[in-house]
Amino acid sequence: MPGKSSTAHCFNPHQLELFQAVARYRGISAAARNLSYGIGQPAISNQIAALERQIGRKLFERRPFRLTAHGRLLQNHTQPFFARLPALWQELQAEPAEVLHLAADSLLGEAWLSAVLAPVAKRFPATRFELHNGTPSQLGAWQADREVQLIVTTGHYRPPGWRSQILVRPCLGLWVRAACPIKSAGWFWQQARPTHCLIGPPPDDPLPAVFQRGLRALQVTWSTRLRADSAALMHALVRQGLGVGLGLILPEEVRPVGLRSLPLEHFEPVPISACWRPPLTPALELFLSTLRRIASHRWRDKG
């Protein structure tokens, strides 16, 4: 029997189901009595015999009933599948869970998202959340491809057909190591061309343009030397002593360890906006209202 080749090395699901019944009820006669659909003992015997011929192995001893080593192997691999079928059936019959696709500018950091998500996840336990962080260019691509329903980003952003709202206008700041002796951003303006390495966002982000306008008003020239596409990366580079970071002044509870910020008080604030694709589902509406509340309470607004 072993060694015979077959043109189709695959299983017949019906035969596997019958084998599982025989193994569970410990015999062909008992399986025929307990299966929920009508099938006689001879039909089960024929199907099991066909399965054994295809495999080339004996699966069980008939009298007394005992699975062979190959029978136990087959049962161990197929039993979990058939055991999960009732639960799968119930899941397929249930209403599909809502999936919310949310995206945020990577320069905003991630820690504040947990505070926004917590009440929404509690109120809508069946809802799934798909969270994305990206640069403004990535956010625009996701929006154009309809891959996200709500975006939180810096600047004024309102795609056609979407609605938007400015949540807060936080202060720009320079990030330095906690041990840095520089006490204010004004120290840098004493030089027409600061020599410290500036670590800033990608050019498609609104922050560099706002920063450069402020520098021109001060008659200072300072170009970005290192570009970091996320707040976490910028903070890591500053922490390693590679330069001074340009970013937003973060809420106190999510500020990075080992760093401190020097507010750019006389520079334009950069708005943080939420934009969404109508209509709002109840879960999205709660997320948006929680986002407004968190922004107004936690961010330092210069508006």
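Bear in mind these aren't lab numbers, they're just calculated from the coordinates by the rules spelled out. Values in this document were obtained by computation on a predicted structure and should not be read as measured data. As a convention, Cβ positions derive from the backbone with ideal geometry for all residues, glycine included, and neighbour counts pool all protein chains shown.
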Exposure-ranked with fewest Cβ neighbours within 10 Å first, Ile28, Ile294 stand as Ile294, Ile28
Rh_Kirkwood(the range 13-93) over Cα pairs, Å, one decimal, evaluates to 13.1 Å
Volume per residue (Å³) of the convex hull spanned by the alpha carbons of the range 1-155 is 224 Å³
Taking a ≥ b ≥ c as the square roots of the Cα gyration tensor eigenvalues, with a/c under 1.5 meaning rounded and otherwise prolate when a/b beats b/c or oblate if not, the range 110-209 comes out prolate
Taking a label point 7 Å from the Cα of Leu73 along Cα-to-Cβ, the residues of the range 44-59 whose backbone nitrogen sits under 20 Å from it are 48-59
Rounded to the nearest whole number, the per residue volume of the convex hull around the C-alpha atoms of the range 205-303 in Å³ is 133 Å³
By the mean-Cβ-within-10 Å protection proxy, highest first, 71-79, 85-93 rank as 71-79, 85-93
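Between rounded, prolate and oblate, where does the range 164-252 land on the alpha carbon gyration tensor, with a ≥ b ≥ c its root eigenvalues, rounded for a/c under 1.5, else prolate if a/b exceeds b/c?
Numbers: a/c = 1.44, a/b = 1.15, b/c = 1.26.
Rounded.
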Descending packing, highest mean Cβ count within 10 Å first, for 232-238, 189-195 is 232-238, 189-195
Least to most buried among Glu268, Glu147, by other C-beta atoms within 10 Å and fewest first, runs Glu147, Glu268
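Can you give the convex hull volume of the alpha carbon atoms of the chain per residue, in Å³?
Values: hull volume 70.0 nm³, N = 303.
Output value, Cα hull per residue: 231 Å³.
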Nearest 10, in degrees from 0 to 90: the angle of helix 111-123 to the longest Cα principal axis of the chain is 50 degrees
Exposure-ranked with fewest Cβ neighbours within 10 Å first, Asp205, Asp229 stand as Asp229, Asp205
So the angle from the long Cα axis of helix 13-25 to the longest Cα principal axis of the chain, reported in degrees to the nearest 10, equals 70 degrees
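Quote the relative contact order of the chain in percent (integer), defining contacts as alpha-carbon pairs under 8 Å separated by 6+ residues. Walk me through the numbers before you get to the answer.
Values: 447 pairs, mean separation 64.6, N = 303.
About 21 percent, as a whole number.
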Taking Cα atoms, the helix 282-298 axis meets the longest principal axis of the chain at an angle in degrees (rounded to 10) of 30 degrees
